[in-house]
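The structure under discussion appears below in the form of structure tokens.
The values are calculated or read from the model by the stated rules, or taken from the named source; none is laboratory data. Here the structure is a predicted model, which is why all the values come from computation and not from measurement. Here Cβ is always computed from backbone atoms with ideal geometry, including for glycine, and neighbour counts include all displayed protein chains.
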């Protein structure tokens, strides 16, 4: 697919799980791309055509110095997590960006959802996770700036987006190591809730398709695929990719996991514990080429192969591992 007019695009971030594929696609479609980040990540190499601007995205003075007053057709903000971050961006890019695209989160939606599928009009409310509430507050700042000052905002809400380096399960590589050792793994709930998983390459099609699109300004779009397996199926696909034929899945209530693993609790109770299905008709109306082309049964094999080829990434979290043992023991005793 070719573009009508090449754009000058600034990605704030650009080397992460979600953003790197979008940078690559933008370059492939002919856009002139700059990324602003700390310049430390080598995990996802970017195309040589990309211009790198080095600054910590949360350091306002460093960002201003790196940008040196430049203007862009599009600014894509992947690294703002609090309302003060986007408030500074409104001041910084007013009159200097034709479109400002803020990456929010589908976890901002009403949790648990009262109706499925979720659409862009689903209420925003997450009483479990501060991360999600901060994203909602960021959206509020940007929508006020659009209404009051015509700041050219576009808000996107991805769901669980992954690449070959990001395993979707609670324990990540710890779960794979447990399965390969013949040990049980903990699955939240009864394993039957459905969870939408989107490969970053598919996300990139929808995201880049919105850049520079005049009908996207002032509006909100969710970007995720239609692939929504059960959590049991996710674990079984991952086990099969790791060469484990019959993994032992132990089901534990999400609330129990949250008590034993308080760091995991907000993201579990505020996101993964609930069936989440989405309708992306609004996005497809502007970006008809968007769709699901990669499903997790395919991607699990790619992920395990990547980890097997990168020994440094195969880290077992001893704290998680011990907690999983306690949760398994608890489940077997009741």
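Going by the conditions given, is residue 204 part of a helix (DSSP H, G or I), more than 19 Å from the chain's Cα centre (by Cα), assigned by TED's automatic domain parsing to the domain that holds residue 74 and over 20 Å from residue 326 (Cβ atoms)? Criteria not met by residue 204.
Only a single criterion out of (1) surrounded by 16 or more Cβ atoms within 10 Å (Cβ to Cβ); (2) without any contact (Cβ under 8 Å) to a residue 40 or more places away in the chain; (3) assigned to a loop (DSSP other than H, G, I, E, B) is not satisfied by residue 258, namely (3). What about residue 241, is it buried (at least 16 other Cβ atoms within 10 Å of the Cβ), within 22 Å of the chain's Cα centre (by Cα) and either assigned by TED's automatic domain parsing to the domain that holds residue 158 or modelled with pLDDT of 95 or more (or both)? It is false that residue 241 is buried (at least 16 other Cβ atoms within 10 Å of the Cβ), within 22 Å of the chain's Cα centre (by Cα) and either assigned by TED's automatic domain parsing to the domain that holds residue 158 or modelled with pLDDT of 95 or more (or both).
From the list 269, 261, 327, the lone residue that is farther than 30 Å from residue 42 by Cα and touching a strand residue (DSSP E or B) at 6+ places or on another chain (Cβ under 7 Å) is 327.
So which strands (runs of 3 or more DSSP E) are wholly in region 1-74 and hold at least 3 residues that are modelled with pLDDT of 95 or more and surrounded by 14 or more Cβ atoms within 10 Å (Cβ to Cβ)?
8-12, 32-37
Candidates 154, 169, 165: the one that is buried (at least 22 other Cβ atoms within 10 Å of the Cβ), under 20 Å from the mean Cα position of the chain (by Cα) and not in a helix (DSSP H, G or I) is 154.
One residue stands out in region 84-101 among those that are outside any helix (DSSP H, G or I) and over 23 Å from the mean Cα position of the chain (by Cα): the one that is surrounded by the fewest Cβ atoms within 10 Å (Cβ to Cβ), namely 95.
How many residues does region 111-124 hold that are assigned to a loop (DSSP other than H, G, I, E, B) and within 14 Å of residue 157 (Cα to Cα)?
Count: 5.
Every listed requirement among (1) surrounded by fewer than 19 Cβ atoms within 10 Å (Cβ to Cβ); (2) part of a helix (DSSP H, G or I) is met by residue 190 save one, (2).
When you scan region 207-226, how many residues do you find that are in a loop (DSSP other than H, G, I, E, B) and surrounded by fewer than 19 Cβ atoms within 10 Å (Cβ to Cβ)? Give the steps one after another, and end with the answer.
First, pick out the residues of region 207-226 that are in a loop (DSSP other than H, G, I, E, B): 211-213, 217-218, 224-226.
Now restrict to residues that are surrounded by fewer than 19 Cβ atoms within 10 Å (Cβ to Cβ): 213, 217-218, 226.
Count: 4.
Total residues in region 114-147 satisfying the condition of being touching a strand residue (DSSP E or B) at 6+ places or on another chain (Cβ under 7 Å), farther than 21 Å from residue 214 by Cα and either without any contact (Cβ under 8 Å) to a residue 60 or more places away in the chain or surrounded by fewer than 20 Cβ atoms within 10 Å (Cβ to Cβ) (or both): the figure is 5.
Being in a loop (DSSP other than H, G, I, E, B), touching a helix residue (DSSP H, G or I) at 6+ places or on another chain (Cβ under 8 Å) and within 19 Å of residue 195 (Cα to Cα) is the filter here, so list the residues in region 261-289 that pass it. Explain how you work it out, then say what you get.
Initially, region 261-289 is screened for residues in a loop (DSSP other than H, G, I, E, B), giving 261-264, 273-275, 277, 279-280, 287-289.
Adding the requirement that they be touching a helix residue (DSSP H, G or I) at 6+ places or on another chain (Cβ under 8 Å) leaves 261, 264, 273, 280, 287, 289.
Within region 261-289, 264, 273, 280 meet the criteria.
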